[in-house]
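Asker: To start, I am sharing the structure in question, which I have written as structure tokens.
The values are calculated or read from the model by the stated rules, or taken from the named source; none is laboratory data. Here the structure is a predicted model, which means the values were calculated and not measured. Cβ coordinates were reconstructed from backbone atoms using ideal geometry, including for glycine residues, and neighbour counts include every protein chain displayed. To get the accessible areas, we keep the full protein, side chains included, count just its heavy atoms, and leave off ligands, DNA and RNA. Shrake-Rupley method; radii C 1.70, N 1.55, O 1.52, S 1.80 Å.
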Amino acid sequence: MKAAPFMESLKESAAQFWEARDARERKMLAAGAVVVLLSLIYLICFAPALSGRARLAKELPELRQQSLQLQTLARHAAELNNSLPPAPPALTQEGVAASLQALGMKPQSLSVSGDLVHLQLNPVSFAGLANWTNQQRIALRLEVVDANFVALQQKDTASDMVNATLTLHQQHGGE
């Protein structure tokens, strides 16, 4: 309840101050109050909006460029996702043996477990084996993980004959 008497005394002081002024001073004070009020309205309402608008007008070309780059990258990512090669066919011991026999090679031992192929060939043409591994790299995505070759020095055989032990691993999409 102390606020009401304070407000009353403030009104009374303002009224006394106003009455003490002549007409010309009242007009000058009123004009000054209007200028101060309009300045406050401009500074509070319009200045931030105008400066924000100018800032956004400066940033807009850069933001549009970034938007275009993001759209281009998104399209490129979608194209890459759609262009992934299909998964390679499943590895089977029969399939690997058949591909070797098609090139005239007979393995001493052959085992397929999961994505790994263990293979021993005695004797075999090195060029023929390189050709077969390249075919398997393309067809089944097999890569040589471990290889051991022993050159054969026989007078009655071709000069590229080797005893070979290979370990191959099948690559999948994410590898």
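Asker: Any residue in region 113-137 that is over 20 Å from MET161 (Cα atoms) sitting within a Cβ distance under 7 Å of a residue that is open to solvent by 60 Å² or more (accessible area, probe 1.4 Å)? List the pairs, counting only those 6 or more apart or interchain.
Answerer: From residues that are over 20 Å from MET161 (Cα atoms), the pairs are ARG137/GLU143.
Asker: Consider only pairs whose beta carbons are under 6 Å apart and that are at least six residues apart or on different chains; among these, list those whose first residue lies in region 84-96 and is over 18 Å from ASN134 (Cα atoms) and whose second residue is open to solvent by less than 80 Å² (accessible area, probe 1.4 Å) and in a helix (DSSP H, G or I).
Answerer: none
Asker: Let me ask you something else. When you look at LEU80, is it farther than 23 Å from GLN171 by Cα and part of a helix (DSSP H, G or I), yes or no? So that I can check it myself, show each step before the final result.
Answerer: Numbers: farther than 23 Å from GLN171 by Cα: no; part of a helix (DSSP H, G or I): yes.
No.
Listed here are the residues, each with its yes/no results for (1) touching a Gly at 6+ places or on another chain (Cβ under 7 Å); (2) farther than 30 Å from TRP18 by Cβ; (3) charged (D, E, K, R); (4) open to solvent by less than 70 Å² (accessible area, probe 1.4 Å).
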| position | (1), (2), (3), (4) |
| --- | --- |
| VAL34 | no, no, no, no |
| TYR42 | no, no, no, no |
| ARG53 | no, yes, yes, no |
| GLU62 | no, yes, yes, no |
| LEU73 | no, yes, no, no |
